[in-house]
Amino acid sequence: MPALRALAAALSLAAPLLLPATSLANPAPAHPTPVDTTAVAPAAVDLTTAEAGNPFVDGWYADPDIVVYDDRYWVFPTTSRGYDEQTFMDAFSSTDLVHWTRHERVLDIADISWARRALWAPAPIERDGRYYLYFGANDIQSDDELGGIGVAVADRPEGPYRDAVGAPLIDAFHNGAQPIDQDVFLDDDGQAYLYYGGHGHANVVRLNEDMTSLGQFEDGSTFREITPENYTEGSFMFRRDGTYYLMWSEGGWTGPDYSVSYAMSDSPTGPFERIDRVLEQDQAVARGSGHNSVVNVPGTDIWYVFYHRRPLSETDGNHRALAYDRMYFNPDGTIQPIEMLVRDNFDDDNAIGWRAWGEGGWTAADGGYTGAAPGGLSTQDTAFGDLDYAADITLATAEAEAGLAFRATQLGSGAERFDGYHATLTTDRLTLARVTGGESVELTSAPVELAPGETVRLRVTAVGDRLAVHLGDQAEPSLTATDAEHTTGANGLRTAGPDGADGALATFDNVAIGDPEGADG
Ligand code: FUB
């Protein structure tokens, strides 16, 4: 990887400082070797989060349930629209959790005689070569209404799924549980279970081997209440090292505080005592994080949690997007709090979640994100105050400038199209500037020597009023400033070019922003 050749580490240095080339190298690619799509098991994908960016697919979706079928990961979500428009379900598949293929309308109410609306929370499972998809429909509020939990079946993961029964499998309230939000779980002994329930109550039922009829427990009962403390809906069951984990959502799904908690048990039927909340909103990243599922990468102890969340600037309850993050366990089996990381390496050749401002076009291709003349800004929907923000930057021309915008507000409003700060590189200068009312004012700068086509990692830390800019992996900042004018806002990528410039100005890669742990501000 080409490197920055020299840098004057601070304005006070008269001569440029020579840096070791290795200090400016891009971080090693986070992705494992390419996926062999002929394999029968998926690649052992080992990622810290959706490193190609969350949301990992485009569109409003919710309640994602992930399953592994042969060499592919499959995600089946709810279509997040008004109830009357929730009449079909799409699915997404991937071999590497990076590149996703959309499979449209794998299930449609046209193929379910009793379903009218509110097609919710698909739960997939394969048994004996047949693919089952459990779903809720009609959002019934009483036993007088037609609807509940149904099951559809297909010969292939991508469907089409057809109603297997011709009627709901569960069509009434039992133990106070609304028949919605099912999850299907097949235990090692061959016994399958459905966990389900809304309106604050959860039940578990046994499924017979045909997967399309309900069994009974030893005591002759069909519906066993397992409601844990704080339960709202969205139950999910998985097993690790012989322990059964029940996860569920708490709070209201349209609100910011929707969240995920869990219990552990020696038995698939509980009791399930609430241990802790593990996933919730982050004021800097997203709100309403909930209704999750979990996948274990086969043959490993790598686990991911898939969930939906609401971007910070969205207020419509149905504006829910799909995300995943890594899930880690403590030695005693308890689950560590899940961190919603913000990364984008553009390896999926898209920029979902980014919004461009200004006239310059932005293109995600060849694993990078390129801003074109006349320049502009592209932001993520975040609100970081204290932050540690970095990206690899490659200037396309000797006249281009490119950098990181942070604590950006008033987006699209002024000549600079935001208020906030930016750290910007040209081929001969590194500048830290404050933007207010569309006017950019330099706080500090230093000379650099950078050639078009060279890639350098630019990193900004901000802790309160202490701002610092680093080049490469240098411990000591190249620029520092103290400024308290802007306290929080979005992170963005910024380009500018001379009048009359044409074409690409700069390409960005490996974007990462988070809390400034250990940042020296
Ligand atoms: O997406 C429809 C409903 O919203 C789900 O069934 C609930 O869990 C909530 O996520």
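The values are calculated or read from the model by the stated rules, or taken from the named source; none is laboratory data. Predicted model, so just to flag it, every value in this text is computed and none were measured. FYI the Cβ positions are ideal-geometry reconstructions off the backbone, even for glycines, and counts take in every protein chain you see. Each accessible area value is taken on the protein alone, full model and side chains, heavy atoms only, with ligands, DNA and RNA left out. Shrake-Rupley method; radii C 1.70, N 1.55, O 1.52, S 1.80 Å.
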Hey, how much of the P(r) for the range 196-269 falls beyond 14 Å, as a percent of Cα pairs?
64
Using a simple spin-label model with points 7 Å from Cα along the Cα→Cβ vector, what separation in nm is obtained for residue 332 and residue 199?
3.7
Can you compute the equivalent ellipsoid semi-axes for the range 354-514, i.e. the square root of 5 times each eigenvalue of the Cα gyration tensor, sorted largest first and rounded to whole Å?
21, 18, 15
Give the distance, in whole Å, between the Cα centre of the range 350-393 and the Cα centre of the range 42-120.
26
Environment charge at residue 399 (Cβ cut-off 14 Å; Lys +1, Arg +1, Asp -1, Glu -1)
-3
Express in nm, to one decimal, how much length is gained between residue 440 and residue 485 on full extension, taking 0.36 nm for each residue of separation and deducting their alpha carbon distance.
14.9 nm
Which percent of the accessible area of the range 83-125 is formed by carbon and sulfur heavy atoms (probe 1.4 angstrom)?
41
Along the Cα-to-C-beta direction of residue 117, a point sits 7 Å from the Cα; which residues of the range 250-273 have their amide N less than 19 Å from that point?
253-254
Rounded to the nearest 0.05, FRET efficiency between residue 254 and residue 274 (Cβ-Cβ, R0 22 Å) equals 0.45
I need to check one value: relative contact order of the range 354-514, counting alpha carbon pairs closer than 8 Å and at least 6 residues apart, in percent.
35
Could you please state how large a percent of the accessible area of the range 354-514 is carbon and sulfur, counting protein chains only and using a 1.4 Å probe?
44
Averaged per residue, the 1.4 Å probe accessible area of the chain, protein heavy atoms only, in Å², is roughly 38
Please compute the contact order of the chain in relative form: average sequence separation of alpha-carbon pairs under 8 Å and at least six residues apart, divided by the residue count, as a percent.
14
Whole-Hz ³J(HN,Hα) from phi, Karplus 6.51 cos²θ - 1.76 cosθ + 1.60, for the range 288-301, glycine and proline x
x, 6, x, 6, 9, 9, 9, 10, 9, 5, x, x, 9, 10
FRET efficiency for residue 101 and residue 127, Cβ-Cβ distance as r, R0 = 25 Å, nearest 0.05?
0.60
Starting from 0.36 nm per residue, how many nanometres of slack lie between residue 188 and residue 85 once their C-alpha separation is accounted for?
33.3 nm
Enter the Cα centre distance for the pair the range 431-508 and the range 271-296, rounded to the nearest angstrom.
35
Two-decimal ratio, the chain, of alpha-carbon radius of gyration to 2.2 N^0.38 Å:
1.07
